[in-house]
2 protein chains.
Amino acid sequence: MTMTVTVPGLMQDFPLTTNHFLWRMARVNPRTRVVTILDDEGTSDETTLGDVADRSLRLAASLDRLGIRPGDRIGTVAWNTVSHLIAYFGVMSMGAVLHTVNLRLHAQQIVWTVNHAEDRILIVDDNLAELVFPLLADMPTVERIVVIGGGDVPEAPVPVQRFDALADADPGDYRMPELDERSAAALCYTSGTTGDPKGVLYSHRSIAVHSLIMSGSDVFGIAKHDVVLATVPMFHAMGWGLPFLATMAGADLVLPGRHLGARSLARTIAAHRVTWSTGVPTIWMDLLRHVDAGGDAARDGLAPLRKLILGGTKVPEDLIRRFARDLDVEVISGWGMTEIFPGGAVAATDPRLSTEDNLAHQTIAGRISPFYELRLVDDEGIVQPHDGRSRGEIQMRGPSVAGAYFRLEDEAADRFDDGWLRTGDIGTVDAEGWVTLVDRSKDMIKSGGEWISSADLESALQNHELVAECAVVGRPDDRWSERPHAFVVLTEDVPDANLKDFLAGQVPKWWIPEEFERIDAIPRTTTGKFDKKLLRSRLTHTDDRVIEGAPA
Amino acid sequence: MTMTVTVPGLMQDFPLTTNHFLWRMARVNPRTRVVTILDDEGTSDETTLGDVADRSLRLAASLDRLGIRPGDRIGTVAWNTVSHLIAYFGVMSMGAVLHTVNLRLHAQQIVWTVNHAEDRILIVDDNLAELVFPLLADMPTVERIVVIGGGDVPEAPVPVQRFDALADADPGDYRMPELDERSAAALCYTSGTTGDPKGVLYSHRSIAVHSLIMSGSDVFGIAKHDVVLATVPMFHAMGWGLPFLATMAGADLVLPGRHLGARSLARTIAAHRVTWSTGVPTIWMDLLRHVDAGGDAARDGLAPLRKLILGGTKVPEDLIRRFARDLDVEVISGWGMTEIFPGGAVAATDPRLSTEDNLAHQTIAGRISPFYELRLVDDEGIVQPHDGRSRGEIQMRGPSVAGAYFRLEDEAADRFDDGWLRTGDIGTVDAEGWVTLVDRSKDMIKSGGEWISSADLESALQNHELVAECAVVGRPDDRWSERPHAFVVLTEDVPDANLKDFLAGQVPKWWIPEEFERIDAIPRTTTGKFDKKLLRSRLTHTDDRVIEGAPA
């Protein structure tokens, strides 16, 4: 899309890669703390960014010795720990591609993504070995397993090594290669739309530029004096970029492992004086409830906290008000997706405005961030004005926006339009770049910050011999934001078709709808498609039951 | 220096150019104010970034109609005004190269730079026409003059047009081209070293990446709710990047023209509620004196101000203390140069530290910024450790660091070392990336934020028939930081050699030393070079006389 350079500038040809992050860890922020939470009692492990840089090099040297070459894919099935952080920088900076496996996918989807990525090595938390090892027989490209932690693991059909042995090994004279910034650095599959997961292949450049964008004081605005608690799993859009942003800023980084319950979070914030965090609203609502139950002592422990940037789903206004009132914490909304990283828009507050005027912005998606461009396109393909009223699908472009899906360059070409990414989100944009989401692509349900594919659920239900047709839509839910609700037309008038049990083997447990509503026929639009808008309008009730198996 | 891409990432190929800044002005910050101060009484003109974007396009269309093509150079001889801002974006975004002429250079140097750049058009403030027009006969490449403002101008040997006529003209169907990010965007000559000025040819990419780096909350940290007063001339390293950084952030921008006296500054800050500014310490020391004389009323007017980032010379500790104590303003130091932009290092404070511990950092150059790398190299070419003690010349690399000088790729190759820029600054770096300057290249004197070349002064003095040899060094000066001091050996014992008068026609007036000290011989080092270190050590006295002709 670019024209020829007429007169090239005479600036240095310095590549935007993760290698600079390692330089900065070692040379600017070597004493910055990295804390990993090891259990729900608050036991923790602590090291420094200087050590992370050193061990990243050692890991890279070990992988090089094992025959890993630039461009090879290495998968991680891991929670947020310092080892996962070292895997990030060690793998990417040696030119290999880090595939962060979404461990919440159904087993069959995990197998599918590992095979699609052709991962040569899987780096697996010891506490996830029971999940991964039984699948290895179906993953022919995986030559080796590297286990994080010292826990026992099952037998495996390929060699198994311990992460620490690789990350502690003498690197000899190994040096990180000088990488082209357009090289692939990481691979993350999104389950946001119909069909098989789609892989976003992040370049070094996109990660570096995104980190710089996020560093802006109106965007994520992390300072060196912050203590960042990274609650977003590192397998979700690069942990919303925090492993890069925090290390670039030199902020202390607290990695909670899988210990994200309210009691653990509260303890972690108090013990490590966390000032800044992020995540989906659900876990922070739980934290508020915990604080309410714990009284002044619980409240005092949260005193260091100053800012939360929440996303993945709409941020409830009540949550914002209560954090501000009870804990003096600023909560703002951010909007992103795997294809554009997390910070496409952020709802920064303006101290010149009143609390109420700010609140009107804090709950919507946010104001578009630097070096992201956006347009609205309606169903007819007409670009809509940014007037705060006109609706359209949000399309995005920028240096940190996906331009294709991995190995689906042709098949998924319809997700792109003349160089713009089609996000699937329907929204409005006002004259000052504030984005409001008003609807989503028909086939996605967002539950606890995770996507559920209604099309996949429908496809699975269709396999049942009694199901004539079915449609799954999202039902509003106070706790999970949305839960799937299935409308089914049965071929026979049976009292119970056992649809829940039928789905159990086919989709993740937490995808299974709580409610299957029998109807005579699925309503259709004039063009013959299922009228999901009408079906959604029937679901006006909400409840707050705790749903077994939903994501925590 | 980069290896081949093994597996390219699949992100969009979106270029990092100034075109995105125009998109953002129009789509995100169209109502942001841009104020130009018109006189010392505080008269001002106000418009918006939406208007700046619109008029930049119109200017580009007009220049295109005049035959300007991508890669052509257009000079500006102008103070900080909204017209200069429009010239920045209009010229760069159409692919032409904006040469910001340093109007404080001596007339012969101005002619030299315009001829070296081969500027096709000069955009000149009406109040600078008397300076520029007499030089046009010696500038054969200049085809046309564009005058900013409505003031009378002298006759000129080339066509003269008014800026507003071009920036208001109907753009027709002109659209900005899609530029390669490595295209040249701007050209800025540095007079920091010996010999002729050297041109730094900034690429679009370097400007965009530098803007993102500076946006970090620990770097310049400008937010949308700030009101930025840009006191640094836009012909100095792109006005320290503020025209880009402020418009990207959407902060209100106040452009003071040439009205930088203390009374004007105080009035501007009060009238426009300035929160954030920058510049050389001199003007801010003057402001403090003005406030002292004006009492509470003067102090109250400065209440909106919260932060100053000062640079160009060491920031006096007393200045920092008094701004903090009397005005509740945080003053920190930044370090840069034309070749690396302003923000190579910034001395961000840390609220966890005591005032005194922070102060120890605030006056030194600063902590190295993201995506800048640095090393220290001693006289023998040995890379020195970052231990806070070892000294060496600071060498820099990064995406916003010059890789060569314009049309001096070979001649000035000695200013680069294996891909690193030799800054000429001697310093130390500690284990956490804090840079302290301990000396400078022997041949530069910094006076009021501007460079004086001691070699050029020496060369001019040598032309005097009575001068046998001479050496010029910087003498510490409370007001200007340094003033040149000449040591001369005369061939005859005359009472007055009239050296001041002799220099008057050869160098800028403010370069002329106040003191010419006669000595019998210039001391020499063991290798036979002038021992300027010894000469400097003799100059221990300081004074605060106002020096006629020094830069204001």
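The values are calculated or read from the model by the stated rules, or taken from the named source; none is laboratory data. Being a predicted model, the structure only gives us computed values, none of them experimental. Positions of Cβ are generated from backbone atoms using ideal geometry, with glycine treated the same way; all protein chains shown enter the neighbour counts. All accessible areas refer to the heavy atoms of the entire protein, side chains included, with ligands and DNA or RNA removed. Shrake-Rupley method; radii C 1.70, N 1.55, O 1.52, S 1.80 Å.
Cβ-Cβ below 7 Å, separation at least six or inter-chain, first residue in the range A:313-340 and over 28 Å from A:Phe371 (Cβ atoms), second outside any helix (DSSP H, G or I) and open to solvent by 50 Å² or more (accessible area, probe 1.4 Å): which pairs?
The qualifying pairs are A:Ala324/A:Glu330; A:Val329/A:Arg306.
Of all residues in the range A:273-318, count the ones that are part of a helix (DSSP H, G or I), within 30 Å of A:Val435 (Cβ to Cβ) and of a type in the set (A, V, I, L, M, F, W, C).
5
I'd like to check which strands (runs of 3 or more DSSP E) are fully inside the range B:27-122 and have at least 1 residues that are at pLDDT 95 or above and aliphatic (A, V, I, L, M).
B:33-37, B:73-77, B:97-100
If you scan the range B:22-45, which residues turn out to be of a type in the set (A, V, I, L, M) and within 7 Å of another protein chain (Cβ to nearest Cβ)?
Of everything in the range B:22-45, just one residue is of a type in the set (A, V, I, L, M) and within 7 Å of another protein chain (Cβ to nearest Cβ), namely B:Val28.
Quickly run through the range A:421-475 and pick out the residues that are open to solvent by 20 Å² or more (accessible area, probe 1.4 Å) and touching a Cys at 6+ places or on another chain (Cβ under 6 Å).
A:Glu458, the sole residue that qualifies.
Could you look through the range B:52-86, keep only residues that are within 14 Å of chain A (Cβ to nearest Cβ) and either surrounded by fewer than 18 Cβ atoms within 10 Å (Cβ to Cβ) or more than 30 Å from A:Thr6 (Cβ to Cβ) (or both), and pick out the one that is farthest from the chain's Cα centre (by Cα)?
Checked the range B:52-86; the qualifying residue farthest from the chain's Cα centre (by Cα) is B:Arg69.
Hey, does the range A:184-203 have a residue that's free of Cβ contacts under 8 Å to residues at least 60 places away in the same chain and either of a type in the set (A, V, I, L, M) or more than 14 Å from every other protein chain (Cβ to nearest Cβ) (or both)?
no
Only one residue in A:Glu393, A:Glu380, A:Glu409 is outside the structural domain of A:Ile213 (by TED's automatic domain parsing) and in a strand (DSSP E or B), so which one is that?
Of the residues listed, the single one that is outside the structural domain of A:Ile213 (by TED's automatic domain parsing) and in a strand (DSSP E or B) is A:Glu393.
What's the number of the condition A:Leu374 fails, among (1) away from chain B (no Cβ under 13 Å); (2) crowded, with 24+ Cβ neighbours inside 10 Å; (3) among the aliphatic types (A, V, I, L, M)?
Looking at each condition in turn, A:Leu374 falls short on (1).
If I go through the range B:493-513 residue by residue, how many of them are modelled with pLDDT of 85 or more, open to solvent by 40 Å² or more (accessible area, probe 1.4 Å) and assigned to a loop (DSSP other than H, G, I, E, B)?
Selection size over the range B:493-513: 1.
Within the range A:377-387, how many residues are within 13 Å of chain B (Cβ to nearest Cβ) and at pLDDT below 95?
0
Which one of B:Ile320, B:Ile340, B:Ile309, B:Ile332 is surrounded by 16 or more Cβ atoms within 10 Å (Cβ to Cβ) and over 19 Å from the mean Cα position of the chain (by Cα)?
It is B:Ile320.
Just one of the numbered conditions (1) open to solvent by less than 30 Å² (accessible area, probe 1.4 Å); (2) modelled with pLDDT under 95; (3) among the hydroxyl-bearing types (Ser, Thr, Tyr) is not true of A:Ser354; which one?
Going through (1) open to solvent by less than 30 Å² (accessible area, probe 1.4 Å); (2) modelled with pLDDT under 95; (3) among the hydroxyl-bearing types (Ser, Thr, Tyr) one by one, A:Ser354 breaks only (1).
So for the range B:248-260 (the condition being closer than 26 Å to B:Gly433 by Cα, within 14 Å of another protein chain (Cβ to nearest Cβ), in contact (Cβ under 8 Å) with a residue 24 or more places away in the chain and of a type outside the set (Phe, Trp, Tyr)), does at least one residue qualify? Step through it out loud before you land on a result.
Initial filter on the range B:248-260 (closer than 26 Å to B:Gly433 by Cα): none.
Within the range B:248-260, none of the residues are closer than 26 Å to B:Gly433 by Cα, within 14 Å of another protein chain (Cβ to nearest Cβ), in contact (Cβ under 8 Å) with a residue 24 or more places away in the chain and of a type outside the set (Phe, Trp, Tyr).
Considering only the range A:333-346, state which residues are of a type outside the set (Ser, Thr, Tyr) and within 13 Å of chain B (Cβ to nearest Cβ). Full working, then the answer.
First, the residues of the range A:333-346 that are of a type outside the set (Ser, Thr, Tyr): A:334-337, A:339-346.
A:Glu339, A:Ile340, A:Phe341, A:Gly343, A:Gly344, A:Ala345, A:Val346, listed by residue number.
Of all residues in the range B:314-369, which are of a type in the set (S, T, N, Q) and within 26 Å of B:Ala303 (Cα to Cα)?
B:Ser333, B:Thr349, B:Ser354, B:Thr355, B:Asn358, B:Gln362, B:Thr363
Which residues, taken from the range B:458-491, are under 21 Å from B:Asp196 (Cα atoms) and modelled with pLDDT under 85?
B:Glu458, B:Ser459, B:Ala460, B:Gln462, B:Asn463 - these are the residues of the range B:458-491 that are under 21 Å from B:Asp196 (Cα atoms) and modelled with pLDDT under 85.
Of everything in the range A:210-221, what is at the interface with chain B (Cβ under 7 Å from one of its Cβ atoms) and either hydrophobic (A, V, I, L, M, F, W, C) or surrounded by 24 or more Cβ atoms within 10 Å (Cβ to Cβ) (or both)? Give them in sequence order. Full working, then the answer.
Taking the range A:210-221 as the starting set, the residues that turn out to be at the interface with chain B (Cβ under 7 Å from one of its Cβ atoms) are A:212-213, A:215-218, A:221.
Listed by number, the residues that qualify are A:Leu212, A:Ile213, A:Ser215, A:Gly216, A:Asp218.
Return the only residue of B:Arg31, B:Arg24 being under 26 Å from A:Ala345 (Cα atoms), assigned by TED's automatic domain parsing to the domain that holds B:Ile121, basic (Lys, Arg) and crowded, with 24+ Cβ neighbours inside 10 Å.
None of the others qualify; the one that does is B:Arg24.
Pairs please, first residue from the range A:347-366 and more than 11 Å from chain B (Cβ to nearest Cβ), second anywhere and part of a helix (DSSP H, G or I), Cβ atoms under 7 Å, 6+ apart in sequence or on different chains.
If the second residue must be part of a helix (DSSP H, G or I), the pairs left are A:Ala347/A:His361; A:Ala347/A:Gln362; A:Leu359/A:Glu317; A:Leu359/A:Ile320; A:Gln362/A:Ile320; A:Thr363/A:Glu317; A:Thr363/A:Ile320.
Give the number of residues within the range A:385-412 that are closer than 21 Å to A:Asp196 by Cα and open to solvent by 50 Å² or more (accessible area, probe 1.4 Å).
Taking the range A:385-412 first, the residues closer than 21 Å to A:Asp196 by Cα are A:401-412.
Still in the running and open to solvent by 50 Å² or more (accessible area, probe 1.4 Å): A:407, A:409-411.
Number satisfying all stated conditions: 4.
Residue by residue through the range B:1-21, note down the ones that are open to solvent by 30 Å² or more (accessible area, probe 1.4 Å), at pLDDT 90 or above and within 7 Å of chain A (Cβ to nearest Cβ).
The first filter runs over the range B:1-21 and keeps only residues open to solvent by 30 Å² or more (accessible area, probe 1.4 Å), leaving B:1-8, B:10, B:13, B:19.
Subsequent filtering for residues that are at pLDDT 90 or above retains B:10, B:13, B:19.
Within the range B:1-21, B:Leu10, B:Asp13 meet the criteria.
Run B:Thr48 past the list (1) touching a Pro at 6+ places or on another chain (Cβ under 7 Å); (2) within 11 Å of chain A (Cβ to nearest Cβ); (3) surrounded by fewer than 20 Cβ atoms within 10 Å (Cβ to Cβ) and report the number of the one that doesn't hold.
Among (1) touching a Pro at 6+ places or on another chain (Cβ under 7 Å); (2) within 11 Å of chain A (Cβ to nearest Cβ); (3) surrounded by fewer than 20 Cβ atoms within 10 Å (Cβ to Cβ), B:Thr48 violates only (2).
Consider A:Asp418 against the criteria (1) open to solvent by 40 Å² or more (accessible area, probe 1.4 Å); (2) at negative phi: it satisfies all of them except one. Which criterion is unmet?
Going through the list (1) open to solvent by 40 Å² or more (accessible area, probe 1.4 Å); (2) at negative phi, A:Asp418 breaks only (2).
Looking only at the range A:97-141, count how many residues are of a type in the set (Asp, Glu) and buried (at least 20 other Cβ atoms within 10 Å of the Cβ).
From the range A:97-141, those of a type in the set (Asp, Glu) are A:118-119, A:125-126, A:130, A:138; that's our starting set.
Subset that is buried (at least 20 other Cβ atoms within 10 Å of the Cβ): A:119, A:125.
Of the residues in that region, 2 qualify.
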